Amino acid sequence: MTDRFEQIRAEIAANDEAIVAAVNRRLELVKGLWQLKDELGLDVVDPDRERRLRDHLAATSAGPLSGEGLDRLVTELLALTKSELNS
């Protein structure tokens, strides 16, 4: 393999590690938020907040991720968060 090939693979691996770290941090933050919401007697899930999150991410995404791809990503991220924290 070429040096450039291995460099790209290494960058992809580093990016994947950063994604996992970011998801783990998101889970920690959401767990803390959910604990606070419980103390305040608020619903854990806020559909309006989820909509605003989708709108914000769509407005700030510079691509090449498509709108459909971004929607799928956010849907999976929200589902994963709920699944991980409700288990």
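What follows is calculated from the coordinates using simple rules that are stated; it is not laboratory data. Being a predicted model, the structure only gives us computed values, none of them experimental. Neighbour counts run over all protein chains shown; Cβ positions are idealised from the backbone, glycine included.
Let me make sure I get this right: for segment 1-42, a, b and c are the square roots of the gyration tensor eigenvalues over alpha carbons, sorted descending. Under 1.5 in a/c it's rounded, otherwise prolate if a/b > b/c, else oblate. Which is it? Prolate, since a/c reaches 1.5 and a/b exceeds b/c. Distance distribution note for the chain: the fraction of Cα pairs above 21 angstrom is 46%. Relative to the longest principal axis of the Cα atoms of the chain, the long axis of helix 3-40 lies at roughly 0 degrees. Charged side chains reduced to their Cβ positions (Lys and Arg at +1, Asp and Glu at -1) give the chain a dipole of some 100 debye around its Cα centre. Taking every Cα-Cα distance in segment 45-87 and sorting them into 5 Å bins from zero, the calculated P(r) comes out as 5, 22, 29, 23, 13, 7, 1 percent. If you plug the beta carbon distance of K37 and E17 into 1/(1 + (r/R0)^6) with R0 = 41 Å, you get a FRET efficiency near 0.85.
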